[in-house]
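A.B. asks: Dumping the structure here so I can ask a few things about it.
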Amino acid sequence: MKTRNDYVSNSSSASFIVITDTGGWTTPAVNPDGAVYTLPSLDTGESEFGWQTERYYDLSSKLNWCAIILRSKREQEKYDTPDETLKECVEKPWFRSAEMEKTFMKVCSGAGLRIELKPESDDDNFECYIDHQSNVGEEPDNARMFQSEKTLRDFLFNDGSYIDCSNDNGGRDDDDYDFNTRRYSSQPEDYYKA
């Protein structure tokens, strides 16, 4: 049995994020003509975070992840009662979609990226998603990159931070299982710490 220190789901697909400030820093490739990047994007990076068994270290996938979280959170807040809204504003003010979006825009702008978010009503909702039990509605910890500007910069621009998409049906698709160590070859040490 594997034990993880991070988010664990009882869904057959389970995605979670890893944020570090100990890796190297990537510099985003800024479009010289000042084009606006519309997110989530079907053209760059991963935009479907579900059943696959992959890790995504690239900036485009991380930008898509943030945009999907923001859209989902904004949609979820439409159904909050006034008491739920007040409680969240007091306990975790950074966890409101308006604050998350403000932080996202500021961090991206500071890195030279001009971005905009597609509205939730677009037809691509089935092509840009985070699987149900990994999305912000059921796993709020997958939005923790918005807690501060530093945390968001670490998530987006640190090459040691990543999105881990996997499932609980036997590890990675291309993994070899070592019966002596009882681990899959691609799984990092943190999967096995108690």
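A.B. asks: Please compare each pair in LYS73/LYS102; LYS118/LYS150; LYS78/LYS102; LYS102/LYS150 to a cut-off of 21 Å on the Cα-Cα distance and tell me which ones are over it.
C.D. replies: Pairs exceeding the cut-off: LYS118/LYS150.
A.B. asks: Give me the number: length gained by fully extending TYR79 to VAL36, i.e. 0.36 nm times residue separation minus the C-alpha to C-alpha distance, one decimal in nm.
C.D. replies: Details: separation 43, 0.36 × 43 = 15.48 nm, distance 3.05 nm.
Length difference between fully extended and current span is 12.4 nm.
A.B. asks: For GLU120 and ARG55, what is the calculated FRET efficiency with R₀ set at 22 Å and r taken between the beta-carbons, to the nearest 0.05?
C.D. replies: E(calc), rounded to 0.05, equals 0.20.
Values in this text are rule-based calculations from the coordinates and carry no lab data. These numbers come from a predicted model, not from an experiment. Cβ coordinates were reconstructed from backbone atoms using ideal geometry, including for glycine residues, and neighbour counts include every protein chain displayed.
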